[in-house]
Amino acid sequence: MSQAHGYAATSADAPLAPFVFERRTPGPHDVQMDILYCGICHSDLHTARNEWQNTIFPSVPGHEIVGRVTAVGSEVKGFKVGDLAGVGCMVDSCRTCPSCAAGEEQYCDNGFTGTYNGPLFGGGENTYGGYSDHVVVDERYVLRVTHGTDNLAAVAPLLCAGITVYSPMAHWQVGPGQSVGVVGLGGLGHMAVKIAKALGAHVVLFTTSESKREDGKRLGADEVVISKDPEQMAAQAGKLDFILNTVAASHNLDPFLNALKRDGAMVLVGAPEHPHPTPTVFNLIMRRRTIAGSLIGGIAQTQEMLDFCAKHGIVSDIEMIEPRQINEAYERMLKGDVKYRFVMDLAKLDKAA
């Protein structure tokens with residue numbers, strides 16, 4: 001066992017505070033890594049405040065982890081001490097069900113084990129995430145980081161935000177010659193614009209904020225549509241092959257369905273607190289349109305995404321924070337006051353706190 005230092009929530013209404021806990025001694029197939037950076041995901045906030053009514057306290061959030069390997073088990077083949085590595089949203093799965101066999105561990109029929117708050121998905125002891133100084137993870141769930149060392153902090157959000165938008169684009173085969181809509185320009189949306197553009201698509205960003213038009217273009221959008229303007233929305237009718245909807249608030253899906261071509265698909269990756277209004281059925285049946293959902297990606301696909309982003313120089317737009325600023329960052333996230341992802345610098349973790 002080794003002593004770990006981090007930040008934890010001890011109850012739904014308590015601010016995150018310094019926390020000392022134990023990590024397991026690396027086994028034959030384990031990789032231990034010092035955490036350099038951890039991205040701050042909205043799911044972290046939901047969990048820390050028990051908004052999904054499933055949190056096991058104390059809770060150490062964080063599943064966008066980039067670090068350096070400090071120890072490997074005797075059977076580990078893919079990593080060595082000194083390597084850069086990453087850990088995303090899961091650290092285990094059953095490994096035997098059809099989903100796991102297909103490399104789709106995120107859909108494990110028996111439930112994957114989350115990087116934090118793990119027993120909800122996998123049973124066993126609670127898992128503690130990346131708001132900490134080090135982590136021990138089975139080699140099968142550790143990723144190789146091939147980006148250069150200049151901007152490693154901005155790589156961390158790829159482990160959740162990046163794969164969340166890459167996976168559906170890969171599944172629906174987004175590529176050159178296609179017109180792709182992205183709804184929302186936040187932590188997920190800004191990554192979707194970058195990745196869709198790198199895949200060769202014509203990218204149309206939908207946002208409610210005129211102030212985001214310039215930023216959308218900077219990130220790679222070919223067009224920016226103000227979605228609360230009926231005329232701008234009407235001009236997009238029947239033009240898009242695929243839409244990735246990243247908005248995590250309940251809203252009317254019909255205007256976006258109208259923008260799809262025949263056989264077009266809109267994939268939802270934002271999880272609203274309240275259900276979306278029921279879409280008009282005729283918007284679906286008259287053009288054979290599809291509404292679908294998608295959840296992160298498997299380990300192999302996450303590695304594919306990391307390698308793709310490294311090849312194309314894609315990282316997240318971030319604001320760095322120190323661990324002691326985490327509660328302030330949560331409040332700013334609730335206000336949308338970040339462009340576009342907070343990342344915690346674990347070198348600034350005060351272990352004496």
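General observations
- Taking GluC sites (Glu not before Pro) across the stretch 268-353, the ones in a DSSP loop with at most 10 further Cβ atoms lying within 10 angstrom of their Cβ are Glu273.
- Helix-derived mean residue ellipticity, 222 nm - over the chain, DSSP H n ≥ 4, -39500 (n - 2.57), to 500: -6000 deg cm²/dmol
- Per-q log10 I(q)/I(0), the chain, q = 0.07, 0.11, 0.13 Å⁻¹ (Debye; single scatterer per alpha-carbon; no solvent): -0.29, -0.72, -1.00
- With Cα atoms, 0 to 90° folded angle of helix 161-171 axis to the chain main axis: 50
- Of the residues Lys212, Lys197, Lys339, the one with the largest accessible area comes first in the ranking Lys339, Lys197, Lys212, computed with a 1.4 Å probe on protein heavy atoms.
- Cα-based helix-to-principal-axis angle, 187-198 vs the chain, degrees rounded to 10: 70
- Nearest-ten-degree value, helix 299-312 long axis tilted from longest Cα axis of the chain: 70
- Accessible area per residue for the chain, computed on protein heavy atoms with a 1.4 Å probe, is 43 Å².
- Of the trypsin sites (Lys or Arg not before Pro) found in the stretch 1-53, those in coil by DSSP whose Cβ has at most 14 other Cβ atoms within 10 Å are Arg24.
- Considering only alpha-carbon pairs that sit under 8 angstrom and 6 or more positions apart, the relative contact order computed for the stretch 4-148 is 28 percent.
- Here the stretch 288-353 and the stretch 157-202 have alpha carbon centers that stand 15 Å from each other.
- Along each principal axis, Cα extent of the stretch 245-336, largest first, Å: 52, 34, 20
- Farthest towards the positive end of the charge dipole of the stretch 160-291, among the residues His276, Ile226, Val203, is the Cα of Val203, using unit charges on the Cβ of Lys, Arg, Asp and Glu.
- Summary value for the chain: 17 percent relative contact order, contacts being C-alpha pairs under 8 angstrom separated by 6+ residues.
- Taking a ≥ b ≥ c as the square roots of the Cα gyration tensor eigenvalues, the stretch 200-258 comes out rounded, since a/c falls below 1.5.
- The chain - percent of accessible surface contributed by carbon and sulfur, probe 1.4 Å: 51
- Summary of packing: across the peptides 80-86, 199-205, 67-73, 52-58, the per-residue average of other C-beta atoms within 10 Å ranks them, highest first, as 199-205, 67-73, 80-86, 52-58.
- Rounded to the nearest 20 debye, the dipole size of the stretch 1-131 about its Cα centre is 260 debye, using +1 on the Cβ of Lys and Arg and -1 on the Cβ of Asp and Glu.
- Tensor-based shape of the stretch 160-291 (alpha-carbon gyration tensor, a/c under 1.5 rounded, otherwise prolate or oblate): rounded
- Under the combined filter of DSSP loop state and at most 11 neighbouring Cβ atoms within 10 Å, the stretch 1-103 retains these GluC sites (Glu not before Pro): Glu75.
The values are calculated or read from the model by the stated rules, or taken from the named source; none is laboratory data. Computed from a prediction, not measured in an experiment: that's the story for all the values here. So basically every Cβ, Gly included, is an ideal-geometry build from the backbone, and we count neighbours across all protein chains shown. Just the protein is used for accessible areas: all its heavy atoms, side chains included, with ligands, DNA and RNA removed. Shrake-Rupley method; radii C 1.70, N 1.55, O 1.52, S 1.80 Å.
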